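The values are calculated or read from the model by the stated rules, or taken from the named source; none is laboratory data. This is a predicted model, so every value here is computed, not measured. Don't worry about glycine lacking a Cβ; one is built from the backbone with ideal geometry, like all the others, and counts go over all protein chains shown.
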Amino acid sequence: MEMLTVSTKGQITIPARFRKRYGIKAGDKVFTEGHDTGFFIKKPVDIFALEGFLSGVHIPDDEEDLLTPEMGRQIMERE
């Protein structure tokens, strides 16, 4: 855990080791998520890295917006 200083503009600097570890570069967008004890800074998921994640999982045409428990199990077994 590191102590960060908040600037007069309300800004903080993400330590270099975290920027390097998580691939955060100048100009990148990040999310903040609040919790009871503070907040988190998250890098968005690269949707292109997920390409093919659901390949082989059949989703019936009339239920294309639903993910059944069986489909969830199929996905989890592939990981």
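Listing for the model above:
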item: Hits in the range 14-51 - residues which are exposed (fewer than 10 other Cβ atoms within 10 Å of the Cβ), part of a loop (DSSP other than H, G, I, E, B) and not hydrophobic (A, V, I, L, M, F, W, C); result: Gly23, Lys25, Gly27, Lys29, Asp36, Thr37, Pro44, Asp46, Glu51
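For every residue, the table says whether it meets (1) part of a helix (DSSP H, G or I); (2) modelled with pLDDT of 90 or more; (3) in contact with a strand residue (DSSP E or B) (Cβ under 7 Å, 6 or more places away or on another chain).
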site	(1), (2), (3)
Leu4	no, yes, no
Ser7	no, yes, no
Leu67	no, no, no
Met76	yes, no, no
